[in-house]
Amino acid sequence: MARRRQSGFFEDLMELVSMLPWWAGLLLALVSYLWLHDVATQPITPSSTDIKQFGSAIGQQLWVTFAIYLQYIIPAACVFGASISAFKQYKRSEYDQSSFSDLDNDRARPSSAMAGSPGCPVCGSPMVRRTVKKGGRAGESFWGCPKYPGCRGTRATT
């Protein structure tokens with residue numbers, strides 16, 4: 001069984017943010033920085049000699065200490081994740097544009113094989129020349145629909 005590569009908190013957060021839109025990752029970075037910065041700059045109440053309040057004072061000190069470091073780590077992971085998301089979006093749009101331009105070029109100038117081909121009797125698509133592979137007519141050519149197996153239109157070659 002294949003094992004998943006262990007990753008840390010930073011990498012997991014970056015991967016999670018990269019699944020969001022890039023602007024949401026940047027917004028998350030800004031909000032997390034502002035919130036953690038507010039926590040990190042809170043004044044620490046002096047610990048009293050009362051043993052009952054000692055635990056809450058240590059808890060507050062730990063939270064402030066974590067916030068001091070996390071105010072930079074979490075936004076950095078969010079910004080890196082947002083940049084990955086923006087790159088993915090750019091690549092997707094580039095791919096989509098190239099696919100549509102290729103499709104438009106194919107429609108504008110039909111290939112020489114399709115220029116003289118008859119239309120499919122079932123769906124009307126320009127047919128392609130095919131060769132029989134098996135049976136008594138093996139080796140003979142015929143016109144077949146390019147949408148096969150969705151459309152099974154055929155014509156004999158003349």
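Rule-based calculations on the coordinates, nothing more; no lab input. What you see is a predicted model; the values in this text were computed from it and never measured. As a convention, Cβ positions derive from the backbone with ideal geometry for all residues, glycine included, and neighbour counts pool all protein chains shown.
Observations, loosely collected:
- Out of LEU13, LEU36, LEU27, sole residue that is within 21 Å of the chain's Cα centre (by Cα), in a helix (DSSP H, G or I) and crowded, with 17+ Cβ neighbours inside 10 Å: LEU13
- Residue, farthest from GLY81 (Cα to Cα), within the range 25-35, restricted to residues that are without any contact (Cβ under 8 Å) to a residue 40 or more places away in the chain and among the aliphatic types (A, V, I, L, M): LEU34
- Answer from VAL39, VAL79 - the residue that is touching a helix residue (DSSP H, G or I) at 6+ places or on another chain (Cβ under 6 Å) and over 30 Å from ARG5 (Cβ atoms): VAL39
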